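Structure record follows, encoded as structure tokens.
The values are calculated or read from the model by the stated rules, or taken from the named source; none is laboratory data. Note that the coordinates shown come from a computational prediction; the quantities given were computed from them, not determined experimentally. Note that each Cβ is placed from the backbone with ideal geometry, even for glycine, and that neighbours are counted across all protein chains shown.
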Amino acid sequence: MSGNFLATIGPLIIFFVIFYFLLIRPQQKRQKQTREMQANLQKGDKIITIGGIHGTIDVIDDEKVTIKCHNTTKITFDRAAIRDVYQKKQTHEPKGSKEKDDNKEKEEK
């Protein structure tokens with residue numbers, strides 16, 4: 001009786017495990033990456049919205065993002081409407097800062 005029950009339920013359990021690893025888990029990973037990307041948005045990032053609008057972040061707060069689409073057009077979206085960041089804001093290091101770091105490493109050795 002026990003073996004018959006296991007033979008009946010076994011394929012169902014295997015099907016559920018395969019379903020989990022092929023569909024559910026990858027979707028959870030994508031959602032986590034999207035949440036992290038939306039949490040790390042910064043002013044000056046070039047983004048694409050879920051509607052396909054390209055722009056640069058002009059103003060950002062906890063729930064809303066204002067993007068500059070052309071030279072003067074500004075549109076406000078919810079943070080969740082940002083689909084992708086295709087270029088992070090360029091951070092400029094002062095000239096010679098890398099050289100100073102390299103010199104410090106040489107002195108320590």
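Within the stretch 35-70, being touching a residue at least 40 places away in the same chain (Cβ under 8 Å) and either in contact with a helix residue (DSSP H, G or I) (Cβ under 8 Å, 6 or more places away or on another chain) or under 12 Å from residue 84 (Cβ atoms) (or both) holds for 37, 38, 41, 45, 46. The set of residues in the stretch 70-97 that are assigned to a loop (DSSP other than H, G, I, E, B) and either of a type in the set (Asp, Glu) or modelled with pLDDT under 90 (or both) comprises 70, 71, 72, 88, 89, 90, 91, 92, 93, 94, 95, 96. In this structure, does residue 24 turn out to be modelled with pLDDT of 90 or more, hydrophobic (A, V, I, L, M, F, W, C), surrounded by 10 or more Cβ atoms within 10 Å (Cβ to Cβ) and under 16 Å from the mean Cα position of the chain (by Cα)? So residue 24 fails the test. Can you pull out the residues in the stretch 27-51 that are loosely packed, with under 11 Cβ neighbours inside 10 Å, among the polar types (S, T, N, Q) and part of a loop (DSSP other than H, G, I, E, B)? Across the stretch 27-51, the qualifying residue is only 40. Out of all the residues in the stretch 7-18, is one or more assigned to a helix (DSSP H, G or I), modelled with pLDDT under 90, within 25 Å of the chain's Cα centre (by Cα) and not charged (D, E, K, R)? Checked against the condition, which is being assigned to a helix (DSSP H, G or I), modelled with pLDDT under 90, within 25 Å of the chain's Cα centre (by Cα) and not charged (D, E, K, R), the stretch 7-18 yields no hits at all.
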